[in-house]
Amino acid sequence: MQPRPLVLKILDIVSVIALGVSTYLALVFAPTELVMGNVQRVFYFHIGTAWVGLLGFLLAALAGVVYLVTKEMKWDRLEVAAVEVSTVFFFITIVLGSIWARPAWNTWWTWDPRLTTAAVTELVYIAYFMLRQGIEDPEKRARFGAVYTLLGGVSAPITFMVIRLFRTIHPVVIGAANANQEKMNMTGDMKIAFFFALFAFTIIFVDLIWHRVRLGGLEEKVEQLKLKVSM
Amino acid sequence: MLFEPTPDTSGYMIAGFIVAFAVMGVYVASMYIRNRNLKQDLNALESLQGEEAKPTKKK
């Protein structure tokens, strides 16, 4: 395995700093929301992780398409990396949403359209790893994975759009909501914390994807060597 | 009183941040451990391959 490139080392440091600054902005800099109190501060991480979660699922679908066209394994590695990192971030999104919902909605969970589609999306991508585990041939595994992420990628825009299409109790943060939906209004300082969280999690996402792609390369090398030695 | 006081939901906030950092920490640790194990496997396989190649060199 090649040594960690300088850019990746810098990105590691920037990621840690960005996470620290984002935590400071969320916990200290942003004002306390008057109706919900301090629990609203998890919203910054909730949105940041949701953004990179859905972005990664779309990236995986795109990598899947490119793999199917080119048959180059590097796209399969990117696809796996995107799905894995996004599944972790999207899990955080769901848990943070549930923690926020307890004092805000008086329940940990409700089968609201947004929560339901988010849970389905997460399960779809957990199943992706189960599918891959069951296939030994690397090319077949990559092909099946690519088709799966292409189909699974549909769940990302559905999850994003569902609160705009159906009647739901989930607040709409980005874009205009219709008259029936609650819109979350933010002060200037809240907007700074919000947009910085989006930026910070994007940096962290790129950093983790890069590391995971490198790990995928190592996995592939070990797998090939195992085959060679066993022959 | 016209307005209700802001509720104290600090416990939920703390729980949320603990969960977020714990999950990220576990993931980064898992990536580190997998990387370390794969490097060990790679070294072992390379040495095994080297040993297998030795008798053919003698011939």
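The values are calculated or read from the model by the stated rules, or taken from the named source; none is laboratory data. Everything quoted here is computed from the prediction, not taken from an experiment. Every residue, glycine among them, receives a Cβ derived from its backbone with ideal geometry; neighbour counts consider all protein chains shown.
Details
- Condition met for A:G53 (over 28 Å from B:P5 (Cα atoms) and under 20 Å from the mean Cα position of the chain (by Cα)): yes
- Cross-chain or 6+ apart pairs with Cβ under 7 Å, the stretch A:207-231 first and at the interface with chain B (Cβ under 7 Å from one of its Cβ atoms), then of a type in the set (K, R) and part of a helix (DSSP H, G or I): A:L215/B:R34
- Selection count where residues are modelled with pLDDT of 95 or more and part of a loop (DSSP other than H, G, I, E, B), scope the stretch A:77-131: 0
- Residue under evaluation B:S10, criteria (1) modelled with pLDDT of 90 or more; (2) over 17 Å from A:V42 (Cα atoms); (3) of a type outside the set (A, V, I, L, M, F, W, C), criterion not met: (2)
- If you go through the stretch A:1-40 and pick out every residue that is at pLDDT 95 or above and either of a type in the set (D, E) or touching a Ser or Thr at 6+ places or on another chain (Cβ under 8 Å) (or both), you end up with 1.
- Which numbered condition A:V35 fails, given (1) in a helix (DSSP H, G or I); (2) surrounded by fewer than 20 Cβ atoms within 10 Å (Cβ to Cβ); (3) within 14 Å of chain B (Cβ to nearest Cβ); (4) among the β-branched types (V, I, T): (1)
- On the stretch given as the stretch B:3-32, residues that are within 8 Å of chain A (Cβ to nearest Cβ), over 11 Å from the mean Cα position of the chain (by Cα) and assigned to a helix (DSSP H, G or I) total 8.
- With respect to being closer than 18 Å to A:K74 by Cα, within 24 Å of the chain's Cα centre (by Cα) and at pLDDT below 95, A:E219 fits the description.
- Enumeration of residues in the stretch A:58-113 that are among the charged types (D, E, K, R) and either without any contact (Cβ under 8 Å) to a residue 12 or more places away in the chain or surrounded by fewer than 21 Cβ atoms within 10 Å (Cβ to Cβ) (or both): A:K71, A:E72, A:K74, A:R102, A:D112
- Annotation note: of A:L55, A:L27, A:L19, the sole residue that is part of a helix (DSSP H, G or I), in contact (Cβ under 8 Å) with a residue 12 or more places away in the chain and away from chain B (no Cβ under 11 Å) is A:L55.
- Qualifying residue in the stretch A:57-76 (condition: under 29 Å from B:G11 (Cβ atoms) and either touching a strand residue (DSSP E or B) at 6+ places or on another chain (Cβ under 8 Å) or modelled with pLDDT of 95 or more (or both)): no
- For A:G97, the criteria (1) touching a Lys or Arg at 6+ places or on another chain (Cβ under 9 Å); (2) facing chain B (nearest Cβ under 9 Å); (3) closer than 27 Å to B:P5 by Cα; (4) not hydrophobic (A, V, I, L, M, F, W, C) hold in every case but one, which is (2).
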